[in-house]
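To start, the structure under review is shown below, and the notes come after it.
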Amino acid sequence: MTNTAVPEFQHRTVLLDEAVDALAIAGARADGIYIDGTFGRGGHSRLLLSRLGPNGRLIAFDKDPQAIATAQGVADARFTIVHDSFATMAAALAERGIAHVDGVLLDLGISSPQVDDAARGFSFRNDGPLDMRMDTTRGISAAQWLATESEQTLEKVIREYGEERFAFQIAKAIVARRAVEPISSTRQLAGIVAGAVKTREKGKDPATRTFQAIRIFVNQELEDLEAGLRQAYDALAIGGIMAVISFHSLEDRIVKRFFADKVNVAQPDRRLPIRAVDLPQPEMKLLAKIKPSDAEVDANPRARSAVMRVAQRLATNHPGAAR
């Protein structure tokens, strides 16, 4: 049986007020339907619920059994928790008979409790089993993946998802070590990486990029993000708002590109006889790009890389226009 007991860790929700403010939950919108794509330890969800009216509704998602255990303690009839990725949003909404929502918040990455719990294997700072799965009830662990994957694929993942220039050397070192002994702990992997990385970035552990790469790959984070963005956009009602908090450049580039594609709609040749009213119109408009304040970064250094992008759905060609 999987242990879903929730350890006590200090957790600060990044961009807490800014994210909830961005969804503009006021007036008639207070009785709308909202999605929190990553419940985590519930910071955003609890503040969202405090802004909702009596007829409002919040549906939250999370892969992590510990997050689900925390969410089950939220005693509010307006709240629903789904133990799955936000990439399953479309199916979850359809199952509940929901056609459109008024706002979506996606808080990407991992939470402080996940990082700080050595047993989860996300961090190289404390020794623990090399797991890294956000959902410990399914999929293969990082240790299992490292034990069987080819050197070429290891290099590709570490290079692309970790943006690590020593990916070749690290992959080669992993394959050499696993031929001698299983790589089953975070300390083992961190030591292997440290031996393969010849030039260290100031203020950054040499294992940082490799751990990020493996975590992203094992949890299919970028694939989930791309699917989640599409499904969130499809679910948004006219005027609905999407806010996405990213924590590294790979995520932020995907979000930035997705919003840009909806804002900058391709136009036909100007020489064609098309009336202005018939020209393709933007599908979304950008509302904000927000980073944590200096005060928040000082209080919570893990917030320093966060960036939130906010966009609103416009009426153009929207299937929910008659809502």
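The values are calculated or read from the model by the stated rules, or taken from the named source; none is laboratory data. Please read all numbers here as calculations on a predicted model, not as lab measurements. Cβ atoms come from the backbone with ideal geometry, glycine included; neighbour counts cover every protein chain shown. Note: areas computed on protein heavy atoms with side chains; ligands, DNA, RNA excluded. Shrake-Rupley method; radii C 1.70, N 1.55, O 1.52, S 1.80 Å.
If the condition is being modelled with pLDDT of 95 or more, among the hydroxyl-bearing types (Ser, Thr, Tyr) and touching an Asp or Glu at 6+ places or on another chain (Cβ under 9 Å), then segment 116-168 contributes SER141, TYR161. Filtering segment 14-69 to residues that are without any contact (Cβ under 8 Å) to a residue 60 or more places away in the chain, assigned to a loop (DSSP other than H, G, I, E, B) and surrounded by fewer than 24 Cβ atoms within 10 Å (Cβ to Cβ) leaves ALA26, GLY42, LEU52, GLY53, PRO54, ASN55, GLY56.
Residues in segment 218-233 that are touching a Gly at 6+ places or on another chain (Cβ under 9 Å) and charged (D, E, K, R): GLU221 alone.
Here LEU272 meets each of (1) closer than 15 Å to GLU18 by Cα; (2) modelled with pLDDT under 95 with one exception, condition (1).
Just checking, does segment 176-193 include any residue being touching a Pro at 6+ places or on another chain (Cβ under 6 Å) and at pLDDT 95 or above? Checking segment 176-193: at least one residue is touching a Pro at 6+ places or on another chain (Cβ under 6 Å) and at pLDDT 95 or above.
Of all residue pairs spaced 6 or more apart or on separate chains, those with beta-carbon atoms under 7 Å, a first member in segment 148-165 that is without any contact (Cβ under 8 Å) to a residue 24 or more places away in the chain and a second member that is surrounded by fewer than 21 Cβ atoms within 10 Å (Cβ to Cβ) and aromatic (Phe, Trp, Tyr) are GLU155/PHE168.
For segment 195-217, filtering for residues that are open to solvent by less than 30 Å² (accessible area, probe 1.4 Å), more than 15 Å from ASN126 (Cα to Cα) and assigned to a helix (DSSP H, G or I) leaves 6. Taking the stated definitions as given, is ALA303 open to solvent by 40 Å² or more (accessible area, probe 1.4 Å), modelled with pLDDT under 95 and of a type in the set (Gly, Ala, Ser)? So ALA303 does not fit the description; no.
Before we move on, is LYS198 modelled with pLDDT under 95, among the charged types (D, E, K, R) and under 25 Å from ILE254 (Cα atoms)? Here the answer is no, as LYS198 does not meet what is asked. Among the candidates ILE98, ILE81, the residue that is out of contact with any Ser or Thr (no Cβ under 9 Å at 6 or more places or on another chain), β-branched (Val, Ile, Thr), closer than 25 Å to ILE238 by Cα and surrounded by fewer than 23 Cβ atoms within 10 Å (Cβ to Cβ) is uniquely ILE98.
Scanning segment 20-51 for residues that are among the hydrophobic types (A, V, I, L, M, F, W, C) and at pLDDT below 95 yields ALA26, ALA28. Here ALA87 fits the description: outside any loop (DSSP other than H, G, I, E, B), touching a residue at least 12 places away in the same chain (Cβ under 8 Å) and among the small types (Gly, Ala, Ser).
Could we say that ASP127 is of a type in the set (D, E, K, R), within 30 Å of ILE68 (Cα to Cα) and open to solvent by 60 Å² or more (accessible area, probe 1.4 Å) here? So ASP127 passes the test.
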